[in-house]
Amino acid sequence: MKNFIILFLAFGLSFSLQAQTAEVLKKELASKKDSISKLQAKADALQGKIDALPGWRKGAFGTIGASLSGFNNWYARNEPDVSAGNIGFTVNAFANLIQEDFFWRNSTTINLGWVKLDDKNEPDDSDDFETATDVFTISSLYGKRLNKKWALSALAEYRSTLIDNFNDPGYLDLGAGLTWTPTSNLVVVMHPGNYNFVFSSGDTVFDSSLGAKIVADYTNKYGGLSVKSNLSMFQSYKDGDLSNWTWTNSLGYTVWKGIGLGFEFGLRKNQQEAANSQDKDLAEADNKLQSYWLFGLSYAF
């Protein structure tokens, strides 16, 4: 009985010491986390001051997505012998010169994708990768500051495709007006004087016109998350059916050394493209909402 009491007291003492040790370690860990949080806040403040200095800001991030599959004698399918694939990638790059009395912002967006579905028992179908998404945009914005938030500005923006039908159609916007920069991450362009040049081959419904251009671009980074959203709108003074808008959004989360997960999606409305695709007169086309999306590995540098 005596030995049992001694063993019980020893076990209780050991448990008490472990509990006390755990409490001490938890308090020490909380103290370290608090110190790290304070140091991170100071580092973020210093980075903010560095970002506010005049000079060039450059960067790029994007997404790579791919899936490949193959079936042989898989009789549960209607087509038992099929190979399929989907490959795509995006690039969002910028080079901005920020000075006290002016700025010059340059950016480009590329989104390319291919898809194939090859039925090995159907000799007439294609076994090649076909273009799925094809987006190319490049822009250059110059602004002469009136104050910290407003500037007189001029914009050149070109939009087309790279793989299929390059510059057919192609859109070139040239205009001038005002730019509002409420923060270093948000740029809003308001150009009441803008000419939308539309390039196309042959006898098509595409037509150039004078109108107003509005662009809103937001680029930021929250820890490992990179965000870019761009809305580009043109409102024609000649005919509402010549107006168009495109909205693209990119998200990239870095997990390790610039590599992580990415997601991109885009929306567009363009009556001229709808009429050309449907081979109809401009006013008769069914201008449905265009969209694309891509999910996969992301990269940043």
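Charging the Cβ of each Asp and Glu at -1 and of each Lys and Arg at +1, and nothing else, the dipole of region 56-300 about its Cα centre rounds to 2020 debye.
The slack between Thr183 and Tyr195, meaning 0.36 nm per residue of separation minus the straight C-alpha distance, is 1.5 nm.
Of the trypsin sites (Lys or Arg not before Pro) in region 234-299, the ones in a loop by DSSP (not H, G, I, E or B) with at most 16 other beta carbons within 10 Å are Lys238, Lys257, Lys280, Lys288. Rg/Rh for region 56-300 (Cα atoms only, Rh after Kirkwood) is 1.04. Net length available on complete extension from Trp104 to Asn78 is 3.7 nm, with 0.36 nm assigned per residue and the Cα-Cα distance removed. The phi torsions of region 79-90, fed into the Karplus equation with coefficients 6.51, -1.76 and 1.60 and a -60° offset, translate into couplings of 10, x, 10, 9, 10, 9, x, 9, 10, x, 8, 10 Hz, rounded to whole numbers, with Gly and Pro shown as x.
Between Asn249 and Leu267, the modelled labels are 0.8 nm apart [label points 7 Å from Cα along Cα→Cβ]. Modelled spin-label separation between Leu117 and Asp279, with each label point placed 7 Å from Cα along the Cα-to-Cβ direction: 2.3 nm. Over the residues of the chain, the helix contribution to mean residue ellipticity at 222 nm works out to -7000 deg cm²/dmol, using -39500 (n - 2.57) for each DSSP H run of at least 4.
Pairs over the 27 Å Cα-Cα cut-off, from the set Lys228/Lys269; Lys148/Lys213; Lys58/Lys257; Lys33/Lys58; Lys221/Lys257: Lys33/Lys58.
A simple spin-label model places pseudo-atoms 7 Å from Cα toward Cβ; at Asp125 and Lys58 they are separated by 4.6 nm.
The Cβ shell under 10 Å around Gly175 holds other residues with a net charge of -1, Lys and Arg each +1, Asp and Glu each -1. Protection proxy ranking of 166-175, 125-134, by the mean of other Cβ atoms within 10 Å over each peptide's residues and highest first, is 166-175, 125-134.
The angle between the Cα long axis of helix 2-52 and the main principal axis of the chain comes to about 30°, on a 0 to 90 degree scale. For region 172-187, the Karplus equation 6.51 cos²θ - 1.76 cosθ + 1.60, evaluated at θ = phi - 60°, returns couplings of 10, 9, 10, x, 9, x, 10, 10, 10, 10, x, 9, 6, 9, 10, 10 Hz by residue, with Gly and Pro reported as x. As a calculated quantity, the FRET efficiency between Leu39 and Leu225 at R0 = 25 Å, using C-beta atoms, amounts to about 0.75. Given their separation in residues at 0.36 nm each and the Cα-Cα distance between them, Lys32 and Leu68 gain 8.3 nm when the chain is fully extended.
Computed from the coordinates by the stated procedures, all read-outs in this text should not be read as laboratory data. Everything numeric here is computed off the predicted structure, so don't read it as measured data. Backbone-built Cβ (ideal geometry, glycine too); neighbour counts: all protein chains shown.
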